[in-house]
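All remarks here apply to the structure that follows.
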Amino acid sequence: MRRLMPWLISVVALVAIGFWAGCGGGSTSNDILIGEYSAMTGTTATFGQSTHRGLMMAVDEINAAGGVLGRNIRLLTEDTQSKPEEAATAVTKLISRDGVKAVIGEVSSSRSLAAAPICQANGIPMVSNASTNPEVTKKGDYIFRVCYIDPFQGEVMARFVYNTLGLRKVAILKDIKNDYSIGLAQYFEETFLKLGGQVVATQAYSEGDIDFKAQLTALKGAEPEAVIVPGYYTEAALIVKQARELNMTIPIVGGDGWDSAKLVEIGGESMNNTYFSTAYTADDPDSVVQNFVSKYTTRYSEKPDAFAALGYDAGLILFDAIKRAGGVEGAKIRDALAATRDFRGVTGTITIDRDRNARKPIVIIAVVDGRMTYKETIQP
Amino acid sequence: MSELLQQIINGISMGSIYALIALGYTMVYGILRFINFAHGDVFMVGAFVGYFVAPIVAPVVGGSGLAAAVLVMMISMLACALLGVTIEKLAYRPLRSRPKLTALITAIGVSLFLEYGGQLVFGPDPKPFPALIPSTMIVNSKFLVLSSNSLVVIGTALLLMVLLRHIIFRTRMGTAMRAVSYDHRAASLMGINIDSVISFTFALGSGLAAAAAILYASVYPSINPLMGLFPGLKAFVAAVLGGIGNLYGAVIGGMIIGLLETLVTGYISPIYRDAISFAVLILILLFRPAGILGRHETEKV
């Protein structure tokens with residue numbers, strides 16, 4: 001009997017685990033399962049947590065209003081740890097094990113590019129909340145996004161540097177391992193050269209680096225009038241801080257990857273004289289935006305950043321499409337998503353175009369006295 | 001070429017931080033013949049102690065400044081020394097008579113425990129480390145910009161190394177450490193308390209890691225629970241490069257790695273930075289397995 005006990009216990013445990021997993025947490029099977037893969041930890045954790053919070057709010061609101069097609073939405077979240085390979089694993093798990101009907105994510109283009117082919121192959125619609133690299137939606141007709149794309153963002157940034165700041169010679173410091181950063185740098189450069197500007201030096205780093213003095217010293221030698229850093233906030237804040245330490249006081253310009261409260265927390269006063277483009281600002285007086293800001297602030301006791309707003313919009317657009325599709329089959333949701341026209345989201349009026357990208361306005365933020373301040377809005 | 005001098009300064013300030021961490025690896029190896037892979041994570045805890053202590057300490061001594069910085073560093077060093085001793089007592093001491101591989105695997109376990117425990121306790125997102133000493137420009141010319149920050153890093157590292165040298169070569173405990181490193185059994189037969197020497201070694205190494213962490217976080221003010229991984233690895237390479245078990249070797253190795261990384265990033269490409277430091281490790285292991293200053297030990301059969 002003593003020999004048998006461990007076996008007995010293991011068998012009981014296995015059965016229990018199997019039973020628990022089979023029930024999927026014990027809620028009703030009538031729910032519509034939606035998968036989310038998101039960077040809850042790692043170098044871009046604030047992006048993942050913000051989009052997750054925005055999406056959670058959208059889910060709770062729609063369920064409080066009676067759900068979609070008379071059924072509740074149930075969200076399953078997987079962490080990508082800010083790594084592309086984890087994104088592929090997470091999405092495979094969501095689709096094949098959990099059987100989700102649609103997938104939302106990711107912020108990072110590299111992660112979305114890793115996951116998109118899996119969604120496409122399984123016929124599961126995917127809505128990226130903030131991946132701006134054009135390649136993402138080219139992965140297939142099931143892949144959508146609710147944000148603008150980098151050719152537009154790069155063009156806006158180039159025009160901003162050339163016209164508004166009036167600068168002609170820039171240097172670029174890009175993340176060589178990140179599709180978003182490489183793409184944005186390329187589109188910026190194309191427009192900037194077309195306008196008559198000059199790129200005097202280009203240097204590279206990779207995500208997770210923390211020392212940029214070597215690259216900055218090399219850039220400084222080329223005497224640029226501004227540095228373009230199309231990367232993410234953690235690295236951007238350190239880059240700006242170290243640039244100031246090397247006595248580079250020139251403007252430093254970035255894209256929506258900069259949009260996190262951590263940017264000024266880490267960079268502090270050094271962040272003055274920097275600019276970046278993003279999807280939305282909480283300072284926008286528009287009533288839809290202010291309504292969202294007050295609901296979000298009450299719930300999470302912090303101001304929503306652009307990623308929270310994009311996460312919220314991604315949820316609303318998907319739920320709206322499911323409603324119009326009248327069913328949860330992949331092809332039906334896909335067709336309804338493709339037919340989205342003039343949807344009034346928090347991040348502007350969104351229309352999904354032929355390439356499954358969103359056409360929408362862009363916002364420019366300036367850091368003044370260590371605070372992010374709204375500068376201007378540019379329409380598509 | 002005008003920026004070469006600047007790149008060298010950048011490299012030395014990075015290298016002195018690697019050197020401080022490498023000293024911890026090398027001391028533990030010298031005494032126990034074992035690589036403490038959790039060392040990089042003790043470094044991370046040091047940064048977090050600084051992060052939590054700084055806002056409490058600063059008002060007590062009157063705002064940020066030298067006094068606050070020194071106090072924060074001392075508290076962090078003390079906390080990490082305690083952590084190092086505890087790790088040794090709980091995780092490594094019970095395995096001391098077992099094969100070295102067992103302790104090595106346990107060290108990796110401790111490392112993972114600290115990393116993911118850190119994510120649970122501190123949260124996974126990067127935290128902004130407070131500026132302890134406001135940075136000012138000391139030299140500001142076309143060829144060279146020298147901020148007080150890099151001088152403080154290099155100066156503090158040097159000071160700590162001199163202090164360490166004094167402890168190891170001029171005190172009773174230091175003599176005991178050298179004796180244990182030379183021969184465990186003979187040392188214990190001479191009446192040296194091996195346990196307390198090993199505890200002291202861990203305290204010393206972990207304290208240095210904490211000091212390195214405070215310097216590191218002051219220069220790169222974004223800290224997260226996985227921040228110890230790469231500096232830890234690089235410092236390990238530095239220790240092996242210089243000759244593991246040799247204190248001067250650790251310092252020389254740290255400087256070489258720091259300079260090499262900066263020069264490769266500045267003049268070749270950052271893509272090759274890590275590749276080249278590990279390639280150097282492989283070359284050293286091929287042609288001079290004991291490292292630059294290490295002496296070759298014949299395996300007793």
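The values are calculated or read from the model by the stated rules, or taken from the named source; none is laboratory data. All figures in this text were calculated on a predicted structure; none of them were measured in a lab. Here the Cβ positions follow ideal geometry from the backbone for every residue, glycine too, while neighbour counts run over all protein chains shown.
Can you find a residue that is surrounded by fewer than 16 Cβ atoms within 10 Å (Cβ to Cβ) and more than 21 Å from A:R74 (Cβ to Cβ) anywhere in segment A:315-325?
no
Condition test on A:E265, is it more than 24 Å from A:Y148 (Cβ to Cβ), part of a helix (DSSP H, G or I), among the acidic types (D, E) and more than 18 Å from the chain's Cα centre (by Cα)?
Taking the combined requirement at face value, the residue satisfies it.
Can we say A:L238 is of a type in the set (A, V, I, L, M, F, W, C), over 20 Å from A:E376 (Cα atoms), in the same structural domain as A:I210 (by TED's automatic domain parsing) and out of contact with any Lys or Arg (no Cβ under 6 Å at 6 or more places or on another chain)?
yes
For segment B:31-49, check the following and say yes or no: at least one residue is at pLDDT below 90, under 30 Å from B:A187 (Cβ atoms) and in a helix (DSSP H, G or I).
yes
A quick yes/no check of all residues on (1) acidic (D, E); (2) within 10 Å of chain A (Cβ to nearest Cβ); (3) within 21 Å of the chain's Cα centre (by Cα):
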{"residue": "B:L112", "(1), (2), (3)": "no, no, yes"}
{"residue": "B:E115", "(1), (2), (3)": "yes, no, yes"}
{"residue": "B:G118", "(1), (2), (3)": "no, no, yes"}
{"residue": "B:V121", "(1), (2), (3)": "no, no, no"}
{"residue": "B:P124", "(1), (2), (3)": "no, yes, no"}
{"residue": "B:L132", "(1), (2), (3)": "no, no, yes"}
{"residue": "B:M137", "(1), (2), (3)": "no, yes, no"}
{"residue": "B:S141", "(1), (2), (3)": "no, yes, no"}
{"residue": "B:S147", "(1), (2), (3)": "no, yes, no"}
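Could you please find all residues in segment A:67-121 being surrounded by fewer than 24 Cβ atoms within 10 Å (Cβ to Cβ), in a loop (DSSP other than H, G, I, E, B) and not aliphatic (A, V, I, L, M)?
A:G67, A:G70, A:N72, A:Q81, A:K83, A:G99, A:K101
Would you confirm, using the coordinates I've provided, whether B:L281 is over 19 Å from B:S111 (Cα atoms), surrounded by fewer than 23 Cβ atoms within 10 Å (Cβ to Cβ) and free of Cβ contacts under 8 Å to residues at least 60 places away in the same chain?
Numbers: over 19 Å from B:S111 (Cα atoms): yes; surrounded by fewer than 23 Cβ atoms within 10 Å (Cβ to Cβ): yes; free of Cβ contacts under 8 Å to residues at least 60 places away in the same chain: yes.
For B:L281, the condition - over 19 Å from B:S111 (Cα atoms), surrounded by fewer than 23 Cβ atoms within 10 Å (Cβ to Cβ) and free of Cβ contacts under 8 Å to residues at least 60 places away in the same chain - is met.
Restricting to segment A:54-78, what's the tally of residues that are under 17 Å from A:S128 (Cβ atoms) and either of a type in the set (V, I, T) or within 14 Å of another protein chain (Cβ to nearest Cβ) (or both)?
1
Tell me, yes or no, whether segment A:294-316 has at least one residue that is under 27 Å from A:I143 (Cβ atoms) and either without any contact (Cβ under 8 Å) to a residue 24 or more places away in the chain or of a type in the set (K, R) (or both).
Among the residues of segment A:294-316, not one is under 27 Å from A:I143 (Cβ atoms) and either without any contact (Cβ under 8 Å) to a residue 24 or more places away in the chain or of a type in the set (K, R) (or both), which makes the answer no.
Here are the criteria: (1) surrounded by 19 or more Cβ atoms within 10 Å (Cβ to Cβ); (2) within 14 Å of chain B (Cβ to nearest Cβ). Tell me which single one A:T202 does not satisfy.
Unmet for A:T202, out of (1) surrounded by 19 or more Cβ atoms within 10 Å (Cβ to Cβ); (2) within 14 Å of chain B (Cβ to nearest Cβ): (1).
Which of the residues spanning segment A:208-243 are of a type in the set (D, E), more than 7 Å from chain B (Cβ to nearest Cβ) and over 18 Å from A:A185 (Cβ atoms)?
A:E223 - this is the single residue of segment A:208-243 that is of a type in the set (D, E), more than 7 Å from chain B (Cβ to nearest Cβ) and over 18 Å from A:A185 (Cβ atoms).
A quick yes/no check of all residues on (1) assigned to a helix (DSSP H, G or I); (2) more than 12 Å from chain A (Cβ to nearest Cβ); (3) within 16 Å of the chain's Cα centre (by Cα):
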{"residue": "B:L204", "(1), (2), (3)": "yes, yes, yes"}
{"residue": "B:L215", "(1), (2), (3)": "yes, yes, yes"}
{"residue": "B:A239", "(1), (2), (3)": "yes, yes, yes"}
{"residue": "B:G245", "(1), (2), (3)": "no, yes, yes"}
{"residue": "B:S277", "(1), (2), (3)": "yes, yes, no"}
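Across segment B:253-275, what is the number of residues that are more than 9 Å from chain A (Cβ to nearest Cβ) and modelled with pLDDT of 90 or more?
8
Right, B:L160: within 22 Å of B:G207 (Cα to Cα), part of a helix (DSSP H, G or I) and modelled with pLDDT of 90 or more or not?
Yes; evaluated as a whole, the condition is true for this residue.
Being in a strand (DSSP E or B) and either within 19 Å of the chain's Cα centre (by Cα) or modelled with pLDDT of 90 or more (or both) narrows it down to one residue among A:I317, A:I364, A:I333; which is it?
Just one listed residue meets the conditions, A:I364.
So, B:S148, is that one farther than 27 Å from B:F52 by Cα and surrounded by fewer than 18 Cβ atoms within 10 Å (Cβ to Cβ) or not?
Working: farther than 27 Å from B:F52 by Cα: no; surrounded by fewer than 18 Cβ atoms within 10 Å (Cβ to Cβ): yes.
In short, no.
Among residues belonging to segment B:266-275 that are more than 22 Å from the chain's Cα centre (by Cα) and within 15 Å of A:K177 (Cα to Cα), point out the one that is surrounded by the fewest Cβ atoms within 10 Å (Cβ to Cβ).
B:Y272
Can you pull out the residues in segment B:222-248 that are out of contact with any Phe, Trp or Tyr (no Cβ under 9 Å at 6 or more places or on another chain), buried (at least 24 other Cβ atoms within 10 Å of the Cβ) and on the phi < 0 side of the Ramachandran plot?
Within segment B:222-248, B:L241 is the sole residue that qualifies.
Taking B:S97 as meeting all but one of (1) assigned to a helix (DSSP H, G or I); (2) more than 14 Å from chain A (Cβ to nearest Cβ); (3) of a type in the set (G, A, S), write down the number of the exception.
Against the list (1) assigned to a helix (DSSP H, G or I); (2) more than 14 Å from chain A (Cβ to nearest Cβ); (3) of a type in the set (G, A, S), B:S97 comes up short only on (1).
Contact list please: Cβ distance under 7 Å, first residue in segment A:154-180 and more than 16 Å from A:G255 (Cα to Cα), second residue part of a loop (DSSP other than H, G, I, E, B) and hydroxyl-bearing (S, T, Y), pairs at least six apart or on different chains.
Within 7 Å, the pairs are A:K177/A:S206.
Could we say that B:F169 is among the hydrophobic types (A, V, I, L, M, F, W, C), surrounded by fewer than 19 Cβ atoms within 10 Å (Cβ to Cβ) and modelled with pLDDT under 90 here?
Judged against the criteria, B:F169 is not a match.
All but one of (1) at pLDDT 90 or above; (2) more than 21 Å from A:Y312 (Cβ to Cβ); (3) more than 14 Å from chain B (Cβ to nearest Cβ) hold for A:I143; which doesn't?
Among (1) at pLDDT 90 or above; (2) more than 21 Å from A:Y312 (Cβ to Cβ); (3) more than 14 Å from chain B (Cβ to nearest Cβ), the lone unmet condition for A:I143 is (2).
Go through (1) touching a residue at least 60 places away in the same chain (Cβ under 8 Å); (2) in contact with a Lys or Arg (Cβ under 9 Å, 6 or more places away or on another chain); (3) not aliphatic (A, V, I, L, M) for A:D150 and report which single condition fails.
For A:D150, the exception is condition (2).
Search segment A:281-293 for residues being without any contact (Cβ under 8 Å) to a residue 24 or more places away in the chain and part of a loop (DSSP other than H, G, I, E, B), and hand back the single one that is surrounded by the fewest Cβ atoms within 10 Å (Cβ to Cβ).
Restricting attention to segment A:281-293, the residues satisfying the condition of being without any contact (Cβ under 8 Å) to a residue 24 or more places away in the chain are A:282, A:285-287, A:290-291, A:293.
After this cut, where a residue has to be part of a loop (DSSP other than H, G, I, E, B) as well, the list is A:282, A:285-286.
Values: A:A282: 19, A:P285: 7, A:D286: 14.
Among those residues, the one meeting the criterion is A:P285.
Taking the criterion of being within 9 Å of another protein chain (Cβ to nearest Cβ) and aliphatic (A, V, I, L, M), would at least one residue in segment A:181-198 satisfy it?
No, segment A:181-198 contains no residue that is within 9 Å of another protein chain (Cβ to nearest Cβ) and aliphatic (A, V, I, L, M).
Rundown of residues vs (1) over 29 Å from B:S141 (Cα atoms); (2) surrounded by 24 or more Cβ atoms within 10 Å (Cβ to Cβ); (3) of a type outside the set (K, R); (4) touching a residue at least 12 places away in the same chain (Cβ under 8 Å), yes/no style:
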{"position": "B:I9", "(1), (2), (3), (4)": "no, no, yes, yes"}
{"position": "B:S16", "(1), (2), (3), (4)": "no, yes, yes, yes"}
{"position": "B:A22", "(1), (2), (3), (4)": "yes, yes, yes, yes"}
{"position": "B:Y25", "(1), (2), (3), (4)": "yes, yes, yes, yes"}
{"position": "B:G30", "(1), (2), (3), (4)": "yes, no, yes, yes"}
{"position": "B:F34", "(1), (2), (3), (4)": "yes, no, yes, yes"}
{"position": "B:H39", "(1), (2), (3), (4)": "yes, yes, yes, yes"}
{"position": "B:M44", "(1), (2), (3), (4)": "yes, yes, yes, yes"}
{"position": "B:F52", "(1), (2), (3), (4)": "yes, no, yes, no"}
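How many residues does segment A:267-280 contain that are surrounded by fewer than 24 Cβ atoms within 10 Å (Cβ to Cβ) and away from every other protein chain (no Cβ under 14 Å)? Steps first, answer last, please.
Step one: filter segment A:267-280 for residues surrounded by fewer than 24 Cβ atoms within 10 Å (Cβ to Cβ), giving A:268-269, A:272-273, A:275.
The next check asks that each one be away from every other protein chain (no Cβ under 14 Å); those that pass are A:272-273, A:275.
Total meeting the criteria: 3.
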